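Peer 1: Take this structure first; my questions come after.
The values are calculated or read from the model by the stated rules, or taken from the named source; none is laboratory data. Keep in mind that what you see is a predicted model, and the values were worked out from it rather than measured. All Cβ positions, glycine included, derive from the backbone under ideal geometry; neighbour counts span all protein chains shown.
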Amino acid sequence: MKPTSSLPKNLMPEPRIIITSGEPAGIGPDIIAAIDPARFEAGLAVIGDRNMLQSRAAALGSKIEFVDYTDSAIPANAIAIIDQPLEQPAVPGKLDSANAKYVLSLLDYACRACLDKRFDAMVTAPIQKEIINRAGISFSGHTEYLADLCNAPKPVMLLVAAQLRVALVTTHLPLRQVADSINEQVISEVVQILDRDLRNRFGIQNPHIKVCGLNPHAGENGYLGREEIEIIIPTLETLKTTGINLSGPYPADTLFTAHMLKDADAVLAMYHDQGLPVLKHVGFHNAVNTTLGLPIIRTSVDHGTALDLAGTTQARPDSLFAAIESAIFQAHNKLHNAPGA
């Protein structure tokens, strides 16, 4: 994806992107070692344990060059490093709860740096929720954690693969809790954030959002559930009166077909595993997770820590590269669409 700003390229400010290195026992350090900074029109900085990142890169045969981070311009052919020491040495493939606070410290720093305008966007490598919770820290995921740091009341998860964009009404919830969590307020908030950020971050002038029903066959007129009749349809009708371009609810099993998607700028799914399996099938190695509804830009890889691949040279960096490109793209669009731009 390329910037859509109408500014001449030589006048566009180069965005500064901070990348968190994620779970040190996972493939985050591996895929970071594969970055060629010359391919990105941005200044890149990585936060993590310098010795660990350098030794992992060397073990994988990477020629990546880290330079000390300063507030001045980041060199075009190198990656700046913000050294954040590990609590305990990391072994590829072997989780250690002693490093849970280290992993969260990377997010804390990167988020603050974006809030303080030192960076234009953050990109996150994968983390392991299990090991953070095992350390006694309640943690449900990047999305919710960053929303708390930003005091953002409603984060929205959006995944993008090729031309398919899928946003979620609910995120990391047990399936038993999903139906009880869907109401007029949450749907309205998510739709408004999705519409606004598709315009401001993705440069889509009048985004068409197609909405999934909650139940099979979108409830089949109440025979398979009444959430569509009592909650979803009335909420969508109200939102349409505000000028948002919405349609649905559609049965999810037919909405994700080429014919139905051809005029959709985004699909709004009701829960995590309603929308994301389709998107990951379309482009697992190139999909990007981005969090809408924050005052900062955050993108991420679409995969987990892949502990079995850590340190083996088998991890593919494609999703990380796509996440960096998306962060750059969104940063340019946000600048161009900012008030007074």
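Peer 1: Do you know which residues across the range 64-86 are in a loop (DSSP other than H, G, I, E, B), modelled with pLDDT of 95 or more and surrounded by 14 or more Cβ atoms within 10 Å (Cβ to Cβ)?
Peer 2: Within the range 64-86, 84, 86 meet the criteria.
Peer 1: Please work out which residue is nearest to residue 48 (Cα to Cα), limiting yourself to the range 102-139 and to residues that are of a type in the set (S, T, N, Q) and assigned to a helix (DSSP H, G or I).
Peer 2: Checked the range 102-139; the qualifying residue nearest to residue 48 (Cα to Cα) is 105.
Peer 1: Could you say whether any residue in the range 190-205 is out of contact with any Gly (no Cβ under 8 Å at 6 or more places or on another chain), of a type in the set (Gly, Ala, Ser) and more than 22 Å from residue 325 (Cβ to Cβ)?
Peer 2: No: the range 190-205 contains no residue that is out of contact with any Gly (no Cβ under 8 Å at 6 or more places or on another chain), of a type in the set (Gly, Ala, Ser) and more than 22 Å from residue 325 (Cβ to Cβ).
Peer 1: Also, quick follow-up: Among the numbered conditions (1) closer than 22 Å to residue 204 by Cα; (2) surrounded by 12 or more Cβ atoms within 10 Å (Cβ to Cβ); (3) not small (Gly, Ala, Ser), tell me where residue 262 comes up short.
Peer 2: (2)
Peer 1: Related question: Is it true that residue 121 is touching a helix residue (DSSP H, G or I) at 6+ places or on another chain (Cβ under 7 Å), crowded, with 24+ Cβ neighbours inside 10 Å, under 20 Å from residue 294 (Cα atoms) and not assigned by TED's automatic domain parsing to the domain that holds residue 251?
Peer 2: yes
Peer 1: Could you figure out which of (1) assigned by TED's automatic domain parsing to the domain that holds residue 242; (2) modelled with pLDDT of 95 or more; (3) touching a strand residue (DSSP E or B) at 6+ places or on another chain (Cβ under 9 Å) isn't true of residue 171?
Peer 2: Condition not satisfied by residue 171: (2).
Yes or no, residue by residue, for (1) in the same structural domain as residue 25 (by TED's automatic domain parsing); (2) farther than 30 Å from residue 21 by Cβ:
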residue	(1), (2)
230	no, yes
236	no, yes
259	no, yes
270	no, yes
273	no, no
277	no, no
305	yes, no
309	yes, no
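Peer 1: So which residues in the range 36-63 are surrounded by fewer than 20 Cβ atoms within 10 Å (Cβ to Cβ), without any contact (Cβ under 8 Å) to a residue 60 or more places away in the chain and outside any helix (DSSP H, G or I)?
Peer 2: 36, 62, 63
Peer 1: Against the condition touching a strand residue (DSSP E or B) at 6+ places or on another chain (Cβ under 8 Å) and modelled with pLDDT under 95, how does residue 142 come out, does it pass?
Peer 2: Answer is yes for this residue.
Peer 1: Kindly provide the set of residues from the range 265-312 that are among the small types (Gly, Ala, Ser) and either crowded, with 17+ Cβ neighbours inside 10 Å or modelled with pLDDT of 95 or more (or both), ordered by number.
Peer 2: 266, 269, 275, 283, 287, 293, 300, 306, 310, 311
Peer 1: Restricting the search to the range 223-236, which residues are within 25 Å of residue 273 (Cβ to Cβ) and part of a helix (DSSP H, G or I)?
Peer 2: 227, 228, 229, 230, 231, 232, 233, 235, 236
Peer 1: Where residues in the range 198-222 are part of a helix (DSSP H, G or I), buried (at least 21 other Cβ atoms within 10 Å of the Cβ) and modelled with pLDDT under 95, which of them is nearest to the chain's Cα centre (by Cα)?
Peer 2: Among residues in the range 198-222 that are part of a helix (DSSP H, G or I), buried (at least 21 other Cβ atoms within 10 Å of the Cβ) and modelled with pLDDT under 95, the one nearest to the chain's Cα centre (by Cα) is 218.
Peer 1: Restricting the search to the range 128-152, which residues are over 25 Å from residue 310 (Cβ atoms) and either aromatic (Phe, Trp, Tyr) or touching a residue at least 40 places away in the same chain (Cβ under 8 Å) (or both)?
Peer 2: Those that are over 25 Å from residue 310 (Cβ atoms) and either aromatic (Phe, Trp, Tyr) or touching a residue at least 40 places away in the same chain (Cβ under 8 Å) (or both): 147, 149, 150, 152.
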